[in-house]
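None of the figures in this text is laboratory data; all of them are computed from the coordinates on show. Note that the structure is predicted; figures quoted are calculated from it, not measured. Cβ: placed from backbone, ideal geometry, glycine included. Neighbour counts: every protein chain shown.
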Amino acid sequence: MLRYDPAQIEARWRRIWDEEHTWEVPNPGQPGFDDSAPKCYVLEMLPYPSGDPHVGHLKNYAIGDAIAHYRRRNGFQVVHPMGFDAFGLPAENNAIKTGEPPRVATERSIDAYKKAFDRLGFSFDWARELSSHEPSYYRWTQWIFLKLFERGLAYRDEALVQWCPFDQTVLANEQVIDGRCERCGNLVEVRELEQWFFRITDYADRLLDDLDTIDWPEHVKTMQRNWIGRSHGAEVIFRCEELGIEFPVFTTRPDTLFGATFFVLAPEHHDVERLAAGTEHEDAVRQYVNEAIRASAEERGAMEREKTGVPLGRAVTNPVNGEEIPMFVADYVLMEYGTGAIMAVPGHDDRDYAFATAFDLPILRVIEGTDPEEAQDDDGLPYSGDGEMVNSERFDGKHNREAHDEIVSWLESEGCGKPAVHYRLRDWLVSRQRYWGCPIPVVYCETDGIVPLPEDHLPVLLPEVDDYAPKGQSPLAAATDWVNTECPKCGGPARRETDTMDTFVDSSWYFLRYLDAHNDEAAWDRAAVDYWMPVDQYIGGVEHAILHLMYARFFVKALADMDFLGVQEPFARLFTQGMITRDGAKMSSSKGNVVSASETVERYGADTARAYVCFMGPPDKGGDWTDKSVEGVHRFLTRLWRLKEEVVERTSPGGDADGATQGPAAELLRKSHWAIDKVTRDIERDFGFNTAIAAVMELLNVAYTRKDDLYGNPAGEAAVRFATQTAASILFPFAPHLSAEVYEAITGRRVWEDAWPKPDPALLESDVFTLVVQVNGKRRAGVEAPAGASRDELLDLALSDTAVRRHIDGKQVVKEIVVPGKLVNLVVK
RNA sequence: GCGGGCGUGCUGGAAUCUAGGCAUACAGGCCAGGCUUAGAACCUGGUGCUCGAAAGAGCUUGAGGGUUCGAAUCCCUCCGCCCGCACCA
């Protein structure tokens, strides 16, 4: 008997798949295209190649590959491409340290990744491979930029932006976590700079509403909803009569307008200086504003912090009652949200209440609270619930919800307010003062200003430079030959844009390029995209819940509006896999607890590594990597191999097991069909890969304990052969090499060319079952009963069991519950 | 603080929490036995807790209560852990 040698088996099947281009799939109109088969686009998130992939990466692709294989064998035409997110900071930071060009380091990493993927035997269609750093790709990234620019969705603007002093670049809001740079963890600073933006806010409503049309995990949708942060309310104008300035504010609670007792501006508000000028508070205000602006977002963000602020010495008029209320500047009001100014209603807002208490300002109740839980002081204020309005003149006595709209209409008729919707979402800042990214295809001309390059000038190639160190502007600025160019409009001298694009731009459309990866004439052919899109199953980590997943949705909607494609959403169904930990901690090289995918494959083979990550637990949950458990899965695969060896040696094909209705042959046959059914349902139902693999283990266990009784008679041998073949067939999505080997040894056929097996319904049902008999809800016996038994028959069976008798004798049966096919419960007194 | 998720043997996890009906499938670990000069590997069996020689009995799904003939599953209260958002007006 030959030993299970994964390295040798896996190499053999890899070579076959590679030489025969087994996983390549044609587009509509190409030779071999099958227009009768339904399509399925399976995609894992584009990897950023860096170092050696670890088992966390492996899990992502193992899940995707299982789905791809499963769909193929269910008659789908599956496209399952792979490529690389090749631009980005790590390669550039490495270049700064070592002087090695980012391209060289990146391409080395890509090779390492491809080798690792190859060794794992994933069924990728490599004919569609792409890398975002190649001109053949980023040419079209630039083309999309131009299209967005034409449509007014890309624009340049001066804005307060987040600046990372370590990486020397601006960041998108999405890349700032708790006031720190997502990449390097340094505190970010706020700077006012001119930058490129994408107008994603134009799509806020659609990005929010269309979440209802896609099958994504609810928590990911919730995160996007929170991020977009739509709130309905009103814009109300407060006027400073003294200076003749109007201050619009946004509020979600116009029903509390009568309770406004003061007014607050953010320190960054442009009118603060003007307002304080000439008052006794001028110096104090200037000092406060300077400090507030210097303080980091993190320091300002802490909610427990005491409220601070300074009076401005001015007042505004409350439009609902003409009352003059004092103005303050305070850092609890954020410039980024709403209008940077608020009406403060301390009676019904926690934050305003805290400020009013600290500054001894009047607190007025305008809604009668009914919920005592809400009370924070003796007055029951602040109260944020609903109730009857008071101290609100003609609205007194109304319910605040009703008054809400009436007040807004009244404000509108008076010209001092209107309904308004505000969003937390900001436009996407896409320019980066870095080298290793996609050049922005724009020049600055002295006469024509900002000039987008014509499409036939693309690609704008990223020039070679010698020095990658950031100096506050992109290293590209040093490439003077490249920077100095001529204006495509007037032919005069012009300078190229030296910023590059955020790498999230690259990954916002790659799933479209896969569908027509070698097209030199266009970013993609519309027919190919119409056929394959949307992605039917997207698989990735939850860490991209906001950034990548929202940007890609925005791109698809914008491109659809320009009629370049016909779908509104890129990813119809999303699966987020859980993180693999080691010793309970996230894997990181600094902790030294990284489990390398290649080393695991080296040791146990690709099939063991792949099957284990699917078996560890529900794939959407995290799990801790344990070497012992890997060995358990390896043992299981070894058993399958040995069974195959034995079956080939000791049985002959051609027997028929279907005749067997009793005994071990029938039992094994039933178990085989049970396993087919179980694995099929588990894969269909929410990625139940762990229980699917467990079912194949059960089948193998039964085959092992029964096999010696089955050798030597045709029905028995046929049953063992069928069980072994079935185990291989349904294990194929998780351990493709071994499955192909075993399946071929028994059937002579290639497992991926055979359809996914279907269970025989007749064999799924047994003619007997174990009737559970309970007395007062406690299980007292299990009795063998015929499958079709009637209520009375079941009752008779239950009542005649000795164990049951023991519990009911001498007592009165007051109720009998019979669930046919399952159980009998006798209630006794 | 708000929103979401979770809590089951020694461990990872099963049991269509989405349809209430045998709690602990499968795997790891541990124990015993077989094979072996010995070990590794492999094979077989056992393994929730308590009492008991056994038959058996009682208890058990974070804690407590409720609904029900019957609850891991549904409802309420509480405890603990994880994730997201967090001065968003």
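Oblate is the label for chain A, because a/c, from the alpha-carbon gyration tensor with a ≥ b ≥ c as root eigenvalues, is 1.5 or above and a/b does not exceed b/c. Residues A:123, A:508 in ascending order of nearby Cβ atoms (within 10 Å, fewest first): A:123, A:508.
For segment A:282-287, backbone phi angles converted through the Karplus equation (6.51, -1.76, 1.60; θ = phi - 60°) give residue-by-residue couplings of 3, 5, 4, 5, 4, 5 Hz, Gly and Pro being listed as x.
Think of segment A:688-788 as a dipole: +1 on every Lys or Arg Cβ, -1 on every Asp or Glu Cβ, centred on the Cα centre; then among A:788, A:700, A:774, A:774 lies furthest on the positive end. For segment A:231-422, what's the relative contact order in percent, using C-alpha pairs closer than 8 Å and at least 6 residues apart? After rounding, I find 28 percent. Please go through the residue pairs A:147/A:221; A:644/A:671; A:778/A:822; A:115/A:557; A:59/A:586 and name each one whose alpha carbons sit more than 24 Å apart in this structure. Going by Cα-Cα distance, A:147/A:221; A:115/A:557 fall outside the 24 Å limit.
Here segment A:324-463 is assigned +1 on the Cβ of each Lys and Arg and -1 on the Cβ of each Asp and Glu. Its dipole about the Cα centre then comes out at about 860 debye. With both residues required to sit in chain A, DSSP beta bridges show an antiparallel share near 75%.
What's the FRET efficiency of residue A:291 with residue A:209 using the Cβ-Cβ distance as r and R₀ = 41 Å, to the nearest 0.05?
So, using R0 = 41 Å, E works out to roughly 0.50.
In segment A:697-771, Cα pairs under 8 Å separated by at least six residues give a relative contact order of 20 percent.
Around the amide H of residue A:580, modelled in the peptide plane, lie the amide H atoms of A:623, all under 5 Å away and 5 or more residues distant in sequence or on another chain.
Relative contact order for chain A: 14 percent, from Cα pairs under 8 Å spaced at least 6 residues apart, divided by residue count. Annotation: the residues A:361, A:515, sorted from fewest to most other C-beta atoms within 10 Å of their own C-beta, follow the order A:361, A:515. Rounded to the nearest 0.05, what FRET efficiency do residue A:791 and residue A:705 give with R0 = 45 Å and r taken as the Cβ-Cβ distance? Could you check? The computed FRET efficiency comes out at 0.80.
Note on chain A: with charges restricted to the Cβ of Lys and Arg (+1) and Asp and Glu (-1), its dipole about the Cα centre is near 3720 debye.
The 3J(HN,Hα) values that the Karplus relation (6.51, -1.76, 1.60; θ = phi - 60°) gives for segment A:180-190 are, in residue order, 10, 5, 4, 7, 10, x, 7, 5, 8, 10, 9 Hz. Gly and Pro appear as x.
Counted residue by residue at 0.36 nm each, then reduced by the alpha carbon distance between them, the extension gain from residue A:184 to residue A:768 reaches 203.8 nm. Taking the fewest neighbouring Cβ atoms within 10 Å as the starting point, the ordered list for A:625, A:674 is A:674, A:625.
The residue list A:81, A:528, A:490 was ranked by how far each Cα lies along the charge dipole of chain A toward its positive end, using unit charges on Cβ atoms, and A:81 comes out on top. Selection among A:385, A:410, A:355 by position relative to the dipole of segment A:231-422 gives A:410 as farthest towards the positive end (Cβ unit charges, Cα centre). The phi-based Karplus calculation (6.51 cos²θ - 1.76 cosθ + 1.60; θ = phi - 60°) puts the 3J(HN,Hα) values of segment A:212-225 at 5, 9, 10, 9, 10, x, 4, 5, 5, 4, 4, 4, 5, 4 Hz, whole numbers, x for Gly and Pro.
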